[in-house]
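> Handing you this structure, nothing more for now.
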Amino acid sequence: MGQLLSPPGPRAVHLCIDMQRLFEPAAPWATPWMSRVQPRIVELARHAPERTLFTRFIPPRSKHDARGIWRAYYEKWECVTRERLDPELIELVPALATYVPPAVVFDRQIYSAFGNGRLRAHLDAHRVDALIVSGGETDVCVLATVLAAIDIGYRVIVVEDALCSSSDQSHDALLQLYAERFSIQIEVASTADVLRVWSVSG
């Protein structure tokens, strides 16, 4: 791991997945070591706030608004439906919200950030060719987003020390999968390695 095939260029963006208060310690969907990776994500956002895109996972208003198997999901997690959840928990963590604007936020109700078409439309409009991916969770929304990005044809750089999960085992397994099984389509690198070579001008 930790290898970049070439420096990401000025058409790359930093795509940060779901760094919301909903996943902070003591929140309903707590990701225990989210706070450990947050400083790395702040570094990436600070390097190029105008080329940073944040996503937010937005639960439905009620379990009755969920479609298909999602309804069973929200039968279990009714506490995070919007009619019951503190709306503040949907917001980005404060350390990252400060970069909006110029950073842009994209909301959706499914795992993949590409699910509703808005993110891809933005990337196409700005001629983006590479995604530098951070956030959480490695084995859920990041996974769904990364696989969708590959299908579309984007270069994907996964920032290994800027990802978090509530499962150490699946986090580690996914990083290995990204680096080995998808070695042609996914590069795995550290925050320091990315920042050392990512120029946002040109």
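Let's see how each residue does on (1) touching a strand residue (DSSP E or B) at 6+ places or on another chain (Cβ under 9 Å); (2) buried (at least 18 other Cβ atoms within 10 Å of the Cβ); (3) touching a residue at least 12 places away in the same chain (Cβ under 8 Å); (4) more than 28 Å from Pro94 (Cα to Cα):
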| site | (1), (2), (3), (4) |
| --- | --- |
| Ala130 | yes, yes, yes, no |
| Asp139 | no, yes, yes, no |
| Thr145 | yes, yes, yes, no |
| Gly153 | no, no, no, yes |
| Ser166 | yes, yes, yes, no |
| Asp172 | no, no, no, no |
| Arg181 | no, no, no, yes |
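> Could you list, in sequence order, all residues of the stretch 107-128 that are open to solvent by 40 Å² or more (accessible area, probe 1.4 Å), assigned to a loop (DSSP other than H, G, I, E, B) and either of a type in the set (S, T, N, Q) or at pLDDT 95 or above (or both)? Talk me through it step by step, then tell me what you get.
Filtering the stretch 107-128 for residues open to solvent by 40 Å² or more (accessible area, probe 1.4 Å) gives 107, 109-111, 115-116, 118, 120-122, 124-127.
Narrowing the set further to residues that are assigned to a loop (DSSP other than H, G, I, E, B) leaves 109-111, 115-116, 126-127.
Correct list: Gln109, Ile110, Tyr111, Asn116, His126, Arg127.
> Also, quick follow-up: Count, please, the residues in the stretch 119-138 that happen to be among the basic types (Lys, Arg) and over 15 Å from Cys16 (Cα atoms).
Final tally of qualifying residues: 1.
> Can you go through Arg61, Arg36, Arg51, Arg108 and tell me which one is in contact with a helix residue (DSSP H, G or I) (Cβ under 8 Å, 6 or more places away or on another chain) and of a type outside the set (Val, Ile, Thr)? Before the answer, list the steps.
Details: Arg61 fails: in contact with a helix residue (DSSP H, G or I) (Cβ under 8 Å, 6 or more places away or on another chain); Arg36 fails: in contact with a helix residue (DSSP H, G or I) (Cβ under 8 Å, 6 or more places away or on another chain); Arg51 fails: in contact with a helix residue (DSSP H, G or I) (Cβ under 8 Å, 6 or more places away or on another chain).
The conditions single out Arg108.
> Can I ask one more? Anything in the stretch 104-134 that is in contact with a Pro (Cβ under 7 Å, 6 or more places away or on another chain) and under 18 Å from Arg155 (Cα atoms)? List them, or say none.
Passing the criteria: Ala130, Ile132.
> When residues of the stretch 183-192 are filtered for being under 18 Å from Arg11 (Cα atoms) and surrounded by fewer than 19 Cβ atoms within 10 Å (Cβ to Cβ), how many remain?
Number of matching residues: 1.
The values are calculated or read from the model by the stated rules, or taken from the named source; none is laboratory data. This one's a predicted model, so the numbers in the text were calculated from it and none came from an experiment. Here the Cβ is made from the backbone with ideal geometry for all residues, glycine too, and neighbour counts use every protein chain on show. Note: areas computed on protein heavy atoms with side chains; ligands, DNA, RNA excluded. Shrake-Rupley method; radii C 1.70, N 1.55, O 1.52, S 1.80 Å.
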